[in-house]
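Q: Sharing a structure below in C-alpha cells format, with a few things to ask.
The values are calculated or read from the model by the stated rules, or taken from the named source; none is laboratory data. Keep in mind that what you see is a predicted model, and the values were worked out from it rather than measured. Note that each Cβ is placed from the backbone with ideal geometry, even for glycine, and that neighbours are counted across all protein chains shown.
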Amino acid sequence: MLKRSVRAALSVAVVAAGTAVAFQLATGSASADDFAMELPIRGFGDVAVDGKHKRIFLSDPTGGQLVTVDYNGKVLATKAGLPGLADLELSHDGSRLYAAWPDGKAVVAFDPAGSAEVARYDTGTDPTTLAQAGGKLWFGDKDGLGSLDLSGPEPVVTTGKQMGGTQWTTVPQLAATPGRPDVIVAAGNTYLQGVYQLLDITTTPPTVLASTQLSRNIDMAFTADGSRLVVADASGTLALSGTDLSRVETYRSTGLGNAVAVRTDGTLAFPARDGAGMHTPGTSEAVREFRLQDPNGEPLSLTGIAGSGLAWEPGGRRLFGIALKSSTAASNPGPWFSLQVLNTLKTVSANLSVPAEVQPGQSYSVTGFVRPAPAGSPLVITRSDAATPGGRRVGPEAVSEDGMFEFQDSQAAPGKVTYTLSFSGDDTYGAVSATESVLVAVPKKAATLTLDRNGSAYNQGTTVTFTAKLGPTGSSRTVEIWADPSGGDQPNRLLRKANVDAKGSLTASLKLTRNTTLSAIFRGDDKTLAKTVKSTVATRASVATTVSRHYKTAKIGSVPTYHFRKTKHPLFTTTMTAYPGRKAYMQIDVLRNGKWIVWGPGWYPLSSAGKVTYELKGTHSVGVRYRVRFAYLYAKSGDTANVSTYGPYRYFTFTK
C-alpha cells in the first residue's frame, strides 16, 4: 500500500480563523453516537478532510479513483481513471485539493467544493508524496525532493533530480506545517539506513538543519506550531524536537505504530488495539480509546487502522479513521474498508412545553426534558418578557434523574413570555437548546349565554324547538347547539352552528325519543371568554295497552269496563318505546271494600319491537272488579333513556 505524505493537522490554515475546540478528555469507551460506514474503495492511499465543505477525500490507488464522502460516509463523488493515485494535500486556503499521481507522472488539482478536476501539472517524474511550505507544493519522487511553484503565470516544476541534495533509495515521505513555513521534514531510506532530515527550503538545494537516524518511517505529522514532529515508525510512536529532531517523548500505544494525527490544540491520535487511542498534550498514555465497529454497530475484530489512516475534523472534535479488515468470503474478496467516525458527542434531545395562551394571572405549567444527560448537569432556563427583556433564571438549575422537569409560573401583564432552555453539554454529551413562548392575552369578559327548556318533560316523538341567547361579545357571534341523547349507542351531535340573529338568538329543533342533554356553546373570541350552558329535558316513553278476548265493553257506573266470560283468559298486549334490554312493569289491582289493592305486579321483557303480551290465567271470580296498567320506570326497567311513564288503566270483570 502506498504511504501518504504526512503533515500538521489537516487543513490547519482553513480552521485557523475559527476557534479551536478545547475540552478535557476522559477515559472510557467511544461515544454511543460513534458509527462506521463501508467505503467503496479497493485500496487506501491517503485521506484529507475539508472543514469548509464538510467533506472527506480518499485516494484509492488500487481502484484508481478519488472518492469523496461526507462526514456520515455518504459518497458524494467518484473520479475514476487515476491508477496508483497516492498522496492528497488540501491547500492552506482550502481552494484546491492536490493529488500525487505517480503513474500519470503528474500532480492533479481538484475543486474541493465539487471534486471536479481543474488542472494537471506534468512533472516528468513520479510524484508520490506531497507537502506545502514556503509558498510551494513539494513532492517526493524517486530522485528525492521536488517542487511545484504555482505562484507565477505558469507553473514551474523542479524535479528531485534537478533539485539535488540528499539521495534517497525510496521516495521520501514529507511533513510540513504553516506554523514553520520555511522547513520540511523528509524521511526515508538512504543507501545505508533510515534517516529523518529537517530541511531549510529557502535554499537550493534545501539545507539540512538537523538529521537523526530511526527505524523505517510509516507516518509523521508536525504539531501546529512546528515545535514537535510526531512520528510513527517501526520502533514505535514518539515525538521529536521540531528544532533539532532530538527525541523528546515516547508514547505508549496498544496498537500498531502505523498512523498518527495531530489536532490543532496538540491532541494526538494513534492506532490502539481494535481501535484508536487519544493522547492529550504531555501524556504518554492514551486518555481515551475508541473501539472500531461495523456499519451495524457491532465491534470489529482482526481489524486495524490502515497505514496513515487517521485524520481530525478541522476545528472540531471528531476523529476519522480508515479501518482495514481482510475478508476471506468468496462473495467479498480482498480488503474491506470502512470509515470510522470517532469521538463524537452523544446527541441530546431537549423539549420545552408551555400553553399557547393564558389569561393574566393564570397559573400555568412549564414542562420539558433534557435527555440523555447526566443527573446534576447544569441546566439553564430563562424567562423574558417586556419587563425583563434580558431574561431571568427560572425553574430547576440541574438535570434531574429522569431528565424531566416541571414548574408553575404566571404573568400578570398581557404580552408574550419567552422561555429558553440551554444545556451546554460536556465532554461526552452535546449541547442543546429549546425555546417556547406563551401569549398572555388581554383580559377577556365573561360571555352571557342561556339555553331554554331545562327541566321540561315531553311525550315520545314530540318535536321541540330550543333557543339559545348570546349577550354582547367581540368579533364572534357564532353559537353551536348540540344534543346528547341518553345511552351509549347515540353520539353527541351538532344540531346547528350559525351566527345568532339581531336579538342574539339561535334556534334548533329536535324530535325527542329519549332523555336528552342539550348544550349551547360559544367558543370565545378576542374579547370574550368561551362559555357552555346545558339544558336537560325529559322524554316520556310511549306506553299503549290493548285488551282482547272480552265479549263486550260496558260501563260500570261511569267507568268503561271490559267484560269476560269466566271461562275466558284475558289477553293484554302493551306496546312501549323499544330499547335494548328494556322491561315493562305490569300491575293488576283488585277492588275490595271500595279500595284498589295491588293484586298481581310483575316485570316482563319487551320484544325487539317493543311489545309484551300477558295472558291472565287461572279461575276467575264472577262479579269482582279488576284493573291493569303497564309502565316504564326510570332505571328499574333496565335503562335510564326515558323518564318514568305510566300507561292508562284498563278495567275488567268476569261474568257467567
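Q: Mind checking which residues of the stretch 250-264 are out of contact with any Lys or Arg (no Cβ under 8 Å at 6 or more places or on another chain) and surrounded by fewer than 16 Cβ atoms within 10 Å (Cβ to Cβ)?
A: Passing the criteria: 250, 252.
Q: On the basis of being out of contact with any helix residue (DSSP H, G or I) (no Cβ under 7 Å at 6 or more places or on another chain), more than 30 Å from residue 454 (Cβ to Cβ), in a strand (DSSP E or B) and of a type in the set (Lys, Arg), does residue 534 make the cut? Outline the logic, then answer.
A: On the way: out of contact with any helix residue (DSSP H, G or I) (no Cβ under 7 Å at 6 or more places or on another chain): yes; more than 30 Å from residue 454 (Cβ to Cβ): no; in a strand (DSSP E or B): yes; of a type in the set (Lys, Arg): yes.
So residue 534 fails the test.
Q: Residues of the stretch 125-153 being touching a strand residue (DSSP E or B) at 6+ places or on another chain (Cβ under 7 Å) and of a type in the set (Gly, Ala, Ser), which ones?
A: 131, 133, 140, 146, 147, listed by residue number.
Q: Looking only at the stretch 153-167, which residues are over 13 Å from residue 137 (Cα atoms) and exposed (fewer than 14 other Cβ atoms within 10 Å of the Cβ)?
A: The answer is 153, 154, 167.
Q: Now for a separate question. Give 532, 507, 536, 528 a once-over and let me know the one that is within 23 Å of residue 635 (Cβ to Cβ), touching a residue at least 12 places away in the same chain (Cβ under 8 Å) and of a type in the set (Val, Ile, Thr).
A: Only one candidate qualifies: 536.
Q: Another one. Could you check the stretch 602-621 and list, in sequence order, the residues that are more than 29 Å from residue 579 (Cβ to Cβ) and surrounded by 11 or more Cβ atoms within 10 Å (Cβ to Cβ)? Let's see the steps before the verdict.
A: Here is the first cut: in the stretch 602-621, the residues more than 29 Å from residue 579 (Cβ to Cβ) are 618-621.
The answer is 620, 621.
Q: Could you look through the stretch 270-318, keep only residues that are outside any strand (DSSP E or B) and of a type in the set (Asp, Glu), and pick out the one that is surrounded by the fewest Cβ atoms within 10 Å (Cβ to Cβ)?
A: Going through the qualifying residues, I end up with 298.
Q: Kindly indicate the residue of the stretch 403-431 that is among the acidic types (Asp, Glu) and not in a strand (DSSP E or B) and also farthest from residue 444 (Cα to Cα) among those meeting that condition. First the steps, then the outcome.
A: The initial filter retains those residues of the stretch 403-431 that are among the acidic types (Asp, Glu), namely 406, 409, 426-427.
Narrowing the set further to residues that are not in a strand (DSSP E or B) leaves 426-427.
Details: 426: 47, 427: 50 Å.
Checked the stretch 403-431; the qualifying residue farthest from residue 444 (Cα to Cα) is 427.
Q: Could I ask something else about it? Could you go through the stretch 151-159 and let me know if any residue there is closer than 27 Å to residue 170 by Cβ and small (Gly, Ala, Ser). Let's see the steps before the verdict.
A: Of all residues in the stretch 151-159, those closer than 27 Å to residue 170 by Cβ come to 155-159.
Next, only the ones that are small (Gly, Ala, Ser) stay: none.
There is no residue in the stretch 151-159 that is closer than 27 Å to residue 170 by Cβ and small (Gly, Ala, Ser).
Q: Does the stretch 521-572 hold any residues that are over 23 Å from residue 649 (Cβ atoms) and touching a Phe, Trp or Tyr at 6+ places or on another chain (Cβ under 8 Å), and which are they? Lay out the reasoning, then the answer.
A: Here is the first cut: in the stretch 521-572, the ones over 23 Å from residue 649 (Cβ atoms) are 521-537, 567.
The answer is 521, 528, 530, 531, 532, 535, 537.
Q: Of all the strands (runs of 3 or more DSSP E) wholly in the stretch 588-656, which have at least 3 residues that are without any contact (Cβ under 8 Å) to a residue 60 or more places away in the chain and in the same structural domain as residue 558 (by TED's automatic domain parsing)? First the steps, then the outcome.
A: Working: elements: 595-598, 602-605, 611-615, 625-632, 650-655.
So the answer is 595-598, 602-605, 611-615.
Q: Here's another thing I want to ask about it. I'd like the full set of residues that are buried (at least 19 other Cβ atoms within 10 Å of the Cβ) and among the hydroxyl-bearing types (Ser, Thr, Tyr), limited to the stretch 37-70.
A: Of everything in the stretch 37-70, those that are buried (at least 19 other Cβ atoms within 10 Å of the Cβ) and among the hydroxyl-bearing types (Ser, Thr, Tyr) turn out to be 59, 68.
Q: Also: Could you list, in sequence order, the residues of the stretch 433-452 that are out of contact with any Ser or Thr (no Cβ under 7 Å at 6 or more places or on another chain) and not polar (S, T, N, Q)? It would help to see each step written out before you state the result.
A: Taking the stretch 433-452 first, the residues out of contact with any Ser or Thr (no Cβ under 7 Å at 6 or more places or on another chain) are 434, 438-443, 446, 448-450.
Correct list: 434, 438, 439, 440, 441, 442, 443, 446, 449.
Q: Let me ask something additional. What number goes with the only condition from (1) surrounded by 11 or more Cβ atoms within 10 Å (Cβ to Cβ); (2) among the aromatic types (Phe, Trp, Tyr); (3) at pLDDT 95 or above; (4) under 19 Å from residue 620 (Cβ atoms) that residue 599 does not pass?
A: Against the list (1) surrounded by 11 or more Cβ atoms within 10 Å (Cβ to Cβ); (2) among the aromatic types (Phe, Trp, Tyr); (3) at pLDDT 95 or above; (4) under 19 Å from residue 620 (Cβ atoms), residue 599 comes up short only on (3).
Q: So in the stretch 464-496, with the set limited to residues that are within 40 Å of the chain's Cα centre (by Cα) and not in a strand (DSSP E or B), which one is surrounded by the most Cβ atoms within 10 Å (Cβ to Cβ)?
A: Ranking the candidates gives 476 first.
Q: Considering the stretch 497-532 alone, what residues qualify as being among the charged types (D, E, K, R) and either modelled with pLDDT of 95 or more or surrounded by 14 or more Cβ atoms within 10 Å (Cβ to Cβ) (or both)? Lay out the reasoning, then the answer.
A: Taking the stretch 497-532 and keeping what is among the charged types (D, E, K, R), we get 497, 501, 503, 511, 514, 523, 525-527, 531.
Those that are among the charged types (D, E, K, R) and either modelled with pLDDT of 95 or more or surrounded by 14 or more Cβ atoms within 10 Å (Cβ to Cβ) (or both): 497, 501, 503, 511, 514, 523, 525, 527, 531.
Q: Now for a separate question. Answer yes or no: is there a residue in the stretch 137-153 that is touching a residue at least 60 places away in the same chain (Cβ under 8 Å) and over 50 Å from the mean Cα position of the chain (by Cα).
A: Scanning the stretch 137-153, I find at least one residue that is touching a residue at least 60 places away in the same chain (Cβ under 8 Å) and over 50 Å from the mean Cα position of the chain (by Cα), so the answer is yes.
Q: Also, quick follow-up: Please tell me if residue 447 is hydrophobic (A, V, I, L, M, F, W, C) and at pLDDT 95 or above.
A: Working: hydrophobic (A, V, I, L, M, F, W, C): yes; at pLDDT 95 or above: yes.
The answer is yes for residue 447.
Q: Return the residues of the stretch 553-587 that are within 22 Å of residue 486 (Cβ to Cβ), touching an Asp or Glu at 6+ places or on another chain (Cβ under 8 Å) and either assigned to a strand (DSSP E or B) or not charged (D, E, K, R) (or both); say none if nothing qualifies.
A: The initial filter retains those residues of the stretch 553-587 that are within 22 Å of residue 486 (Cβ to Cβ), namely 574-585.
Next cut, touching an Asp or Glu at 6+ places or on another chain (Cβ under 8 Å) only: 579-582.
Passing the criteria: 579, 580, 581.
Q: Just give me the residues in the stretch 393-411 being surrounded by 11 or more Cβ atoms within 10 Å (Cβ to Cβ) and either among the aliphatic types (A, V, I, L, M) or within 19 Å of residue 437 (Cα to Cα) (or both), in sequence order.
A: The answer is 394, 395, 396, 398, 399, 404, 405, 406, 407, 409, 410, 411.
Q: Can you confirm whether the stretch 223-235 contains a residue that is in contact with a Gly (Cβ under 6 Å, 6 or more places away or on another chain), under 27 Å from residue 274 (Cβ atoms), surrounded by fewer than 17 Cβ atoms within 10 Å (Cβ to Cβ) and of a type in the set (Gly, Ala, Ser)?
A: no
Q: Could I ask something else about it? Here's a check for you: in the stretch 40-80, which residue that is assigned to a loop (DSSP other than H, G, I, E, B) and of a type in the set (Phe, Trp, Tyr) is farthest from residue 94 (Cα to Cα)? Write out each step before concluding.
A: Here is the first cut: in the stretch 40-80, the ones assigned to a loop (DSSP other than H, G, I, E, B) are 40-45, 51-54, 61-64, 71-74, 80.
Still in the running and of a type in the set (Phe, Trp, Tyr): 44, 71.
Working: 44: 22, 71: 17 Å.
Across the stretch 40-80, the extreme among qualifying residues is 44.
Q: If we keep just the residues of the stretch 182-213 that are in a strand (DSSP E or B) and β-branched (Val, Ile, Thr), which is modelled with the lowest pLDDT?
A: Step one: filter the stretch 182-213 for residues in a strand (DSSP E or B), giving 183-189, 194-200, 207-213.
Filter once more, so that each one left must be β-branched (Val, Ile, Thr): 183-185, 195, 207-208, 212.
Working: 183: 97, 184: 97, 185: 96, 195: 87, 207: 94, 208: 95, 212: 93.
Among them, the one singled out is 195.
Residue-wise test of (1) assigned to a loop (DSSP other than H, G, I, E, B); (2) in contact with a Ser or Thr (Cβ under 6 Å, 6 or more places away or on another chain); (3) farther than 21 Å from residue 46 by Cβ.
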residue	(1), (2), (3)
151	yes, no, yes
161	no, no, yes
165	yes, no, yes
169	yes, no, yes
177	yes, no, no
180	yes, no, yes
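Q: So which residues in the stretch 109-131 are more than 43 Å from the chain's Cα centre (by Cα) and over 15 Å from residue 159 (Cα atoms)?
A: Listed by number, the residues that qualify are 119, 120.
Q: Of the numbered conditions (1) crowded, with 16+ Cβ neighbours inside 10 Å; (2) within 19 Å of the chain's Cα centre (by Cα); (3) under 30 Å from residue 527 (Cα atoms), residue 435 satisfies every one except a single condition; which is it?
A: The one condition residue 435 does not meet is (1).
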